[in-house]
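What follows is a short report on a single structure.
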Amino acid sequence: MDLGLKDKVAIVGGGSDGLGFAIAERLLMEGARVTIFARRAERVADAAARLAATHGKERILGVAADCAEAADIDRVTASTVARFGPAVHVLITNDGGPPIRRISELSDEVWMQALSRHFFYVVRSVRATLPYMTAEGGSILNVVSGVVQRPAVGMAASVAVWSAVIGYAKTLALEVGQHGITVNTLMSGLFDTALLGKTLARQPELSKEGLGSGLPMGRIGQPHEFARVAALLVSPEMRFVTGVVAPVDGGSGIGMAMKFATPQGVK
């Protein structure tokens with residue numbers, strides 16, 4: 001299926017690895033021109049080189065930028081327009097998430113950092129990009145954590161900031177829909193990424209197999225599976241879909257795959 005993304009221009013946050021890299025790769029496979037950015041310059045350069053080797057260096061731009069800095073966000077947009085032309089068709093906001101802390105451990109400083117890096121990042125990215133969204137419309141997609149559906153101990157900051165992003169995105173969808181711009185949000189579940197690997201390294205009692213066995217699909221997801229949904233949702237083929245908040249989580253949002261044996265003699 002042709003998604004109609006050929007020669008479209010996209011900005012993908014957190015594009016040096018994980019879900020962001022997979023999304024960027026999928027968009028390139030669909031013929032788009034893509035800017036990726038993340039904080040660490042060496043990782044961005046490496047990711048851009050790997051993507052360029054497969055899809056051509058003329059269609060990929062890597063920018064080292066901190067999503068918590070307003071000036072960096074503006075620079076990403078300006079660099080994209082300078083490289084690919086005066087239109088941005090797709091904006092995908094994506095970043096790892098606030099630190100895992102119990103509520104009693106969350107200082108004002110940690111809360112403010114979480115808001116700046118994850119909520120205001122979205123606000124600033126939209127503000128910087130909207131003027132370049134084309135007359136034929138565009139797509140904004142926010143990637144958040146599925147913990148907003150199923151909160152967990154230590155995830156208060158994540159639940160709070162991602163809930164704020166969802167509320168903001170719904171309102172934004174109302175305001176920009178008349179201009180042909182869609183705004184949607186995907187809630188990610190457990191995926192085989194470096195971020196999950198770091199979490200497992202801190203908790204050796206957990207494993208990918210063990211976590212996956214509790215999901216309805218019986219496994220955790222692969223980043224390319226998430227990327228396929230993201231690419232479809234930002235494509236012109238989905239121009240009438242906006243304001244959506246959808247899980248991509250192997251069914252974990254509807255319940256865990258626990259099985260209870262029927263007592264003997266009961267029919």
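The values are calculated or read from the model by the stated rules, or taken from the named source; none is laboratory data. Keep in mind that what you see is a predicted model, and the values were worked out from it rather than measured. Every residue, glycine among them, receives a Cβ derived from its backbone with ideal geometry; neighbour counts consider all protein chains shown. Keep in mind that these areas ignore ligands, DNA and RNA; they rest on the heavy atoms of the full protein, side chains included. Shrake-Rupley method; radii C 1.70, N 1.55, O 1.52, S 1.80 Å.
Quick notes
- Overall form of region 136-267 per C-alpha gyration tensor (a/c, 1.5; a/b vs b/c): prolate
- Filter on LYS8/LYS170; LYS6/LYS57; LYS170/LYS208 - keep pairs with C-alpha separation over 26 Å: LYS170/LYS208
- Top of VAL229, VAL34, VAL143 by mean-square fluctuation, Gaussian network on the chain, Cα under 10 Å: VAL229
- Within the chain, helix-based [θ] at 222 nm, where runs of 4 or more DSSP H residues each add -39,500 (n - 2.57), nearest 500: -12500 deg cm²/dmol
- Distance from region 54-108 to region 147-182 (C-alpha centre basis), Å: 17 Å
- With contacts taken as Cα pairs under 8 Å and at least 6 residues apart, region 1-159 reaches a relative contact order of 23 percent.
- Prolate/oblate/rounded label for region 30-109 (Cα gyration tensor, a/c 1.5): prolate
- Residue-wise HN-Hα coupling along region 100-114, computed from phi with Karplus coefficients 6.51, -1.76, 1.60 (Hz; x: Gly, Pro): 7, 8, 5, 4, 5, 9, 8, 7, 4, 4, 5, 4, 5, 5, 5
- Per-atom-type breakdown for region 129-267 gives carbon and sulfur 60% of the accessible area (1.4 Å probe, protein chains only).
- Compactness ratio for the chain: Cα radius of gyration over 2.2 N^0.38 Å (N = residue count) comes to 1.03.
- Region 45-192 shape via C-alpha gyration tensor axes, a/c threshold 1.5: prolate
- For region 235-247, 3J(HN,Hα) per residue [Karplus equation, 6.51 cos²θ - 1.76 cosθ + 1.60, θ = phi - 60°, Hz, x = Gly/Pro]: 7, x, 5, 10, 5, 9, 10, 8, x, 7, 10, 10, x
- Helices assigned as whole DSSP H runs in the chain whose Cα atoms extend at least 18 Å along their own long axis and whose mean Kyte-Doolittle hydropathy is -1.0 or higher are found at 41-55, 70-84, 156-176.
- Charge dipole (debye, nearest 20) of the chain; +1 at Cβ of Lys and Arg, -1 at Cβ of Asp and Glu: 360 debye
- A full extension of the chain between LEU195 and ASP66 corresponds to an added length of 44.7 nm, given 0.36 nm per residue minus the alpha carbon distance.
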